[in-house]
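Comments concern the structure below.
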Amino acid sequence: MNHVRIADLAACLGQEITIKGWLYNARSSGKLLFLEVRDGSGIVQAVVAKNAVSEEVWNQAAALTQESSVMVTGTPREHPKRPGVYELDVRELDIVQLAHDYPITPKEHGIEFLMDHRHLWLRSKRQHAILRVRHEVIRAVRDFLDNDGFILADTPVLTPAACEGTTTLFELDYFDDGKAYLTQSGQLYNEATAAAFGKVYCFGPTFRAEKSKTRRHLTEFWMVEPEVAYATLDDMMTLAERFLSFIVARVLERRKEELKLLERDVTKLEAVTPPFPRLAYDEAVKMLRAAHAEGALDHDFEWGGDFGAPDETYLAQQFDRPVIVHRYPAQVKAFYMEEDPERPEVALCLDVLAPEGYGEIIGGGQRMQSYDKLVQRIADHNLPREAFEWYLDLRKYGSVPHAGFGMGIERCVAWLCGLEHVRETIPFPRMLYRLRP
Ligand code: 4AD
Ligand code: MG
């Protein structure tokens, strides 16, 4: 038997081949059975004609239930009325396993039910489309960075210290060393590899014990983090806009079908080209205060605070592409941020806010270069100095200006797919109230 994947059917028109998959859906019309078979690469309609198959094959086809595993042998041909769509005229059919009462039926299910059955829900068309976009985003991320001279240098998942504040650490016992933490970001290690290789990135799972139940927060998410030696905040703004524009263009080019299935308005994504608007935090605060004065925002915003989701949404709505907000007050940012030499109270940092209310998808900036100032920051943030000695070494032995950022894959995918919530952008999401399946 000649096994062919559904995606490759066009190359075997007129030849007898076998599809190995699962029954997605079926309908009958008298002496014809229409079986929608999926195999992960696509879905094909297999047509069983009563007068063209043995009685046994006919009976087996009629007995097939949703998600039964099945091998179908027949001859592919182009659909008579839909060019580019293929059907299979069935001759033979082997049931591998008959499924009983598949829980996810074509009727509507509540989100909790679907999340409880995530291991099966992944088989549906919509989830399939989203996860293919995710794969494309990850491929684009790698292609962009690999072609731009970056070296992939993996960073550890088990770490002795916090990178992004001590309130969201997942802690575990680590033999005689005492406590270890799941990494919140590979950045600190990226700074070490950047001093070794110049331009590096890490890409892996990161963890935050976020107690907030929002549309944007997972407790386990994947982050890609480029880091560049001899680079400044301005360099990161340029890198971020080139990087994001490349990813968006790639997904628009290669995942048209998926975006269509998701009913994504792609005109909004087509606008995502450099340059992105750049907005100093101070300017952003003025805009928020003016919006409040006009009644467009409920609360008044004070200089010095961090933006909440409504603030980010309002700011992003003022632009047709992602907006880069830079120079936040140092007090709302992590300990490692470089200060603006002209105004030490603000940090040389950037956040990229996605359009359409998707919020911050990139965060980063320039890193503190001075040994003495970094020692002071570690003390000011009540961080254990001994866990950071190695990190301080980077400022003792050839310290240079350097900068980087991190992009959360799930937030990026949620935005590109136009999803309500990040939970569908990863095969098995981990959230405050969700550890299963
Ligand atoms: O802004 P964050 O916290 O930045 C860092 O971790 C830096 N150390 C990165 C760096 O400079 N190398 O997180 C970066 C991005 C956010 O913009 C967001 O896209 C994503 O990571 N992110 C989350 N995504 C899903 N769930 C969460 N709980 C997230 N927290 C951050
Ligand atoms: Mg951030």
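The values are calculated or read from the model by the stated rules, or taken from the named source; none is laboratory data. In this text the structure is predicted, and so the values were computed from the model without any measurement. With ideal geometry, Cβ positions are generated from the backbone for all residues, glycine too; neighbour counts draw on all protein chains shown. Ligands, DNA and RNA are excluded from the accessible area calculation, which covers all protein heavy atoms including side chains. Shrake-Rupley method; radii C 1.70, N 1.55, O 1.52, S 1.80 Å.
Overview of values
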| item | result |
| --- | --- |
| Residue check, Phe428 within 15 Å of ligand 1 (Cβ to nearest atom) and outside any strand (DSSP E or B) | yes |
| Pairs where the first residue, in the range 206-221, is more than 6 Å from ligand 1 (Cβ to nearest atom) and small (Gly, Ala, Ser) and the second is part of a loop (DSSP other than H, G, I, E, B) and open to solvent by less than 50 Å² (accessible area, probe 1.4 Å), C-beta under 7 Å, 6+ apart | Ala209/Leu169; Ala209/Thr219 |
| Count - residues of the range 322-364 that are away from ligand 2 (no atom under 14 Å from the Cβ), open to solvent by 10 Å² or more (accessible area, probe 1.4 Å) and part of a strand (DSSP E or B) | 5 |
| Residue match in the range 84-96 (condition: within 30 Å of Glu263 (Cβ to Cβ), open to solvent by 80 Å² or more (accessible area, probe 1.4 Å) and out of contact with any Asp or Glu (no Cβ under 7 Å at 6 or more places or on another chain)) | no |
| The range 410-423, residues that are within 13 Å of ligand 1 (Cβ to nearest atom) and either open to solvent by 30 Å² or more (accessible area, probe 1.4 Å) or not aliphatic (A, V, I, L, M) (or both) | Glu410, Arg411, Cys412, Trp415, His421, Arg423 |
| Among residues of the range 32-44, those that are within 12 Å of Ala61 (Cβ to Cβ) and surrounded by fewer than 16 Cβ atoms within 10 Å (Cβ to Cβ), counted | 2 |
| Tabulated pairs, the range 142-165, first closer than 22 Å to Thr183 by Cα, second open to solvent by 20 Å² or more (accessible area, probe 1.4 Å) and of a type in the set (Phe, Trp, Tyr), C-beta under 6 angstrom, 6+ apart or interchain | Ile151/Phe197; Thr155/Tyr189; Thr159/Tyr181 |
| Condition check for Arg367: over 22 Å from the mean Cα position of the chain (by Cα), within 16 Å of ligand 2 (Cβ to nearest atom) and under 23 Å from Pro274 (Cβ atoms) | no |
| Some residue of the range 371-379 being open to solvent by less than 40 Å² (accessible area, probe 1.4 Å) and not aliphatic (A, V, I, L, M) | yes |
| Scan of the range 388-401 for residues that are crowded, with 16+ Cβ neighbours inside 10 Å, in contact (Cβ under 8 Å) with a residue 40 or more places away in the chain and more than 16 Å from ligand 1 (Cβ to nearest atom), ordered by number | none |
| Test: residue in the range 256-265 that is farther than 29 Å from His135 by Cβ, open to solvent by 50 Å² or more (accessible area, probe 1.4 Å) and assigned to a helix (DSSP H, G or I) | no |
| Yes/no for Trp390 being in contact with a Phe, Trp or Tyr (Cβ under 6 Å, 6 or more places away or on another chain) and assigned to a helix (DSSP H, G or I) | no |
| Identity of the residue in the range 19-51, small (Gly, Ala, Ser) and part of a strand (DSSP E or B), that ends up modelled with the lowest pLDDT | Ser29 |
| Considering residues of the range 383-431 that are of a type in the set (Lys, Arg) and touching a helix residue (DSSP H, G or I) at 6+ places or on another chain (Cβ under 9 Å) only, the residue farthest from Thr206 (Cα to Cα) | Lys396 |
| Filter result (surrounded by fewer than 20 Cβ atoms within 10 Å (Cβ to Cβ) and part of a loop (DSSP other than H, G, I, E, B)) within the range 175-216 | Gly198, Ala209, Glu210, Lys211, Ser212, Lys213, Thr214, Arg215 |
| Flag for Cys417 being within 30 Å of Ala316 (Cα to Cα), more than 16 Å from ligand 2 (Cβ to nearest atom), under 31 Å from the mean Cα position of the chain (by Cα) and at pLDDT 95 or above | yes |
| Candidates Leu288, Leu297, filtered to the one that is free of Cβ contacts under 8 Å to residues at least 40 places away in the same chain, assigned to a helix (DSSP H, G or I), aliphatic (A, V, I, L, M) and over 18 Å from Ile247 (Cβ atoms) | Leu288 |
| Qualifying residue in the range 335-351 (condition: in contact (Cβ under 8 Å) with a residue 60 or more places away in the chain and closer than 15 Å to Leu244 by Cα) | yes |
| Subset of the range 425-435 [open to solvent by 20 Å² or more (accessible area, probe 1.4 Å) and touching a residue at least 12 places away in the same chain (Cβ under 8 Å)] | Pro427, Phe428, Arg430, Met431, Leu432, Tyr433, Arg434 |
| Any chance Met407 is within 12 Å of ligand 1 (Cβ to nearest atom) and on the phi < 0 side of the Ramachandran plot | yes |
